[in-house]
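The values are calculated or read from the model by the stated rules, or taken from the named source; none is laboratory data. Just so you know, these numbers come straight off a predicted model, no measurement behind them. Please note: Cβ atoms are built from the backbone with ideal geometry, for glycine as well, and neighbour counts cover all protein chains shown. For the accessible areas, the whole protein counts, side chains as well, though only heavy atoms, and no ligand, DNA or RNA atoms are used. Shrake-Rupley method; radii C 1.70, N 1.55, O 1.52, S 1.80 Å.
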Amino acid sequence: MFRAGLIGCGGISAVHAHVLGELENTELAACADVIPERAARYGCAAYTDWKEMLDREKLDAVHLCTPHYLHPVMAAEAARRGIAVFTEKPPAIDAAGWEQVKAAAENVPVGICFQNRYHPHVRSCLRFLREGTYGRLKGLRAFVTWNRTAEYYAAAEWKGKWATEGGGALINQAIHTLDLIVGFLGLPDQAEAVMHNHHLREAIEVEDTAEIYLEKGGVPALLYASNAYSQDAPVILEMHFDQAVIRLEGDLMTVIRDGRKQEILCTTDPVIGRSYWGAGHKACIADFYRSMEAKAPYQNDPASCENTMRTLFRLYAR
């Protein structure tokens, strides 16, 4: 039985706590949060000092559900104590922090919560690419159109600031989609971004909208990410092959070939938390502990995220 700790008990922590409670080989043993009431919300040992928790509890792993800028230093401190790390996205907001995370992974298992990699339709697309099912990949496009208000940013002072969030719509709302695009395309030869702040100029420093152009070996990929929409709409990702167009939207995969349209609905685990987060968290976290138990490499380790993070930092280079 793995004893897990949780640092940061805000919104996304509920997903981690729920999954840890469902897995047969894990136990949520302790939580830390600067707000005592939040630290105590899951009924286990509660701390307001995360380092004290790491020192006093005999933990096998710790989950980082904290503000973005804290992930690298917390990963480093856990690794120094021999505690494995599972971190929310993004694992770092700059190259220096990313080096800290990679250094931690030299001593302990480190996993990154890119849960959409576990969606069956995503895995199908990777197989299509690998096997050449529909011929050569000719292009990709994706749309992430969600809604974030000034009140959303005012509720957490670290959000909306370059120094603590690292960016806006791209690094927070659209990073999962960027990760999928880079996974399909490979490390791009060309990466350019145009960023805007359309509706939150008085509330945040960072972008509310990003227009991304990537290219690899002549194959273009377009990503439009904005939190200025009226709702949290399902993410759309489309892949153009020689012989077909594959469109992913939520749990639906549409294959358009020879003028015919085939729709394939995927039944996944129930969504934990908000619907637009997707249903891959349980598979992602369970696989982390399965890899720890088997002492085997984890699919979402830092090495597997290198291309995504290099591309992200390149897009944000200012």
(Q) Between Ala154, Ala103, Ala174, where does the largest GNM mean-square fluctuation fall for the chain, given springs only between Cα atoms within less than 10 Å? (A) Ala154
Q. Lys pairs in the chain, Cα-Cα under 17 Å, at least 8 apart or on separate chains: how many?
A. 5
Q) So what's Rg/Rh here for region 98-236, counting alpha carbon atoms and using the Kirkwood radius for Rh? A) 1.00
Q: Could you state the angle between the C-alpha long axis of helix 95-104 and the longest principal axis of the C-alpha atoms of the chain, as a value from 0 to 90 degrees rounded to the nearest 10?
A: 60
Q. Which ³J(HN,Hα) values in Hz, rounded to whole numbers, follow from the phi angles of region 15-32 under the Karplus curve 6.51 cos²θ - 1.76 cosθ + 1.60, where θ = phi - 60° and Gly and Pro get x?
A. 5, 5, 4, 4, 5, 4, x, 8, 6, 6, 9, 10, 9, 7, 9, 7, 9, 10
Q: Would you work out the charge dipole size for the chain about its Cα centre, treating the Cβ of every Lys and Arg as +1 and the Cβ of every Asp and Glu as -1, and quote it to the nearest 20 debye?
A: 620
Q. How far is helix 71-80 tilted, in degrees, relative to the longest principal axis of the Cα atoms in the chain, given as a value from 0 to 90 rounded to the nearest 10?
A. 50
Q) Just Ser304, Ser124, Ser226 to compare: in a GNM of the chain, with alpha carbon springs under 10 Å, which one fluctuates most? A) Ser124
Q. Under a 1.4 Å probe, what is the accessible area of region 145-231 per residue, stated in Å²?
A. 42
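Quick one: what do you get for region 201-252 if you divide its Cα Rg by 2.2 N^0.38 Å?
1.48
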Q: Choose one of Ser291, Ala29, Ala244: the residue whose Cα lies farthest towards the positive end of the charge dipole of the chain (beta-carbon charges +1 Lys, Arg; -1 Asp, Glu; about the Cα centre).
A: Ala244
**Q.** Zero-based 20 Å bins, Cα pair distances in the chain, whole percents
**A.** 32, 59, 9, 0
Q | From phi via Karplus (6.51, -1.76, 1.60), per-residue ³J(HN,Hα) for region 162-175 in Hz, x at Gly/Pro | A | 4, 5, 10, 9, x, x, x, 4, 6, 6, 9, 6, 9, 5
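Which order do the peptides 68-78, 8-18, 49-59, 245-255 come out in when sorted by mean C-beta neighbours inside 10 angstrom, highest first?
Values: 68-78: 21.8, 8-18: 19.8, 49-59: 16.4, 245-255: 18.0.
Answer by packing, highest mean first, reads 68-78, 8-18, 245-255, 49-59.
Return the calculated 222 nm mean residue ellipticity for the chain, to the nearest 500 deg cm²/dmol, obtained by summing -39500 (n - 2.57) across DSSP H runs with n ≥ 4 and dividing by the residue count. Mind dumping the intermediate values first?
Working: 10 runs with 98 residues, N = 318.
Taking each H run of at least 4 residues, the total per residue is -9000 deg cm²/dmol.
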Q) For helix 281-294, what angle does its Cα long axis make with the longest principal axis of the chain, in degrees from 0 to 90 and rounded to 10? A) 60
Q: Choose one answer from Ile175, Ile112, Ile264: the residue with the largest mean-square fluctuation in a GNM of the chain with alpha-carbon springs under 10 Å.
A: Ile264
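Dipole of region 57-114, Cα-centred, from +1 at each Lys and Arg C-beta and -1 at each Asp and Glu C-beta, to the nearest 20 debye?
Values: 5 positive and 7 negative charges, 14 e Å.
With only Lys, Arg, Asp and Glu charged at Cβ, the dipole is about 60 debye.
Quote the charge dipole size of region 169-262 about the Cα centre in Debye, to the nearest 20; the model charges only the Cβ of Lys and Arg (+1) and of Asp and Glu (-1).
Details: 6 positive and 15 negative charges, 86 e Å.
Dipole of region 169-262, to the nearest 20 debye: 420 debye.
To check you understand DSSP bridge types, tell me what percent of the beta bridges within the chain (both residues inside) are antiparallel, rounded to 5. Each step should come with its number before you reach the end.
On the way: 38 of 64 bridges.
Of all bridge pairs located within the chain, approximately 60 percent are antiparallel.
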